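Presented below is the structure to which this report refers.
The values are calculated or read from the model by the stated rules, or taken from the named source; none is laboratory data. Everything numeric in this text was worked out from a predicted model, so none of it was measured. Because the Cβ atoms are built from the backbone with ideal geometry, glycine has one as well, and the counts that use them run over all protein chains shown. For the accessible areas, the whole protein counts, side chains as well, though only heavy atoms, and no ligand, DNA or RNA atoms are used. Shrake-Rupley method; radii C 1.70, N 1.55, O 1.52, S 1.80 Å.
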Amino acid sequence: MKVNDLEKLRSLLHSLKNVKNDDIYRSEAYSIYVIFFLSTEIFKSNIDVKDFLEKNPEFFLFIKKYKMELRDYLFNSRTVLIGRFIRIIQKAAIADLKSIMKVIQNIAFFEAKNTKLVNNKVKANEENYYDSLLKQFKRGN
């Protein structure tokens, strides 16, 4: 059974909660960023990545803080974009990485079915494992 990108992200983000060592956190962040930016489930086309980075306030501030210029050539190839982000992750403060991980976590866990950002291929009557767990163990009402 093939695991989709959102499920991979959810699994990696869940395991990231238990990481206490900054170097290990940074190493795990690399794989999360790669899956996030390469995912055609989340970003159908390269221009969607650019729109997301320009409109999301946390990513926008992150990009400005680390002086990454979003030139058009970066969006011709997602691997070039990932290469640029890997350099930033290498130098970024852990607190900044954690704030960006919260954005990715919100997309992976909460916004996946409610936004045009994600090209969700799950049929209406199908439910994935993580969504069923969230419903089963939700807090509050």
**Message:** So, in the stretch 1-41, how many residues would count as being without any contact (Cβ under 8 Å) to a residue 24 or more places away in the chain and either open to solvent by 40 Å² or more (accessible area, probe 1.4 Å) or outside any loop (DSSP other than H, G, I, E, B) (or both)?
**Reply:** 16
**Message:** Pairs please, first residue from the stretch 50-62 and without any contact (Cβ under 8 Å) to a residue 60 or more places away in the chain, second anywhere and part of a helix (DSSP H, G or I) and among the polar types (S, T, N, Q), Cβ atoms under 9 Å, 6+ apart in sequence or on different chains.
**Reply:** Glu58/Ser99; Leu61/Ser99; Phe62/Ser99
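Condition check: open to solvent by less than 30 Å² (accessible area, probe 1.4 Å) and closer than 21 Å to Phe109 by Cβ. Does Leu53 satisfy that? Walk me through how you get there before you give the answer.
Values: open to solvent by less than 30 Å² (accessible area, probe 1.4 Å): yes; closer than 21 Å to Phe109 by Cβ: yes.
Considered against the rule, which asks whether it is open to solvent by less than 30 Å² (accessible area, probe 1.4 Å) and closer than 21 Å to Phe109 by Cβ, Leu53 comes out as yes.
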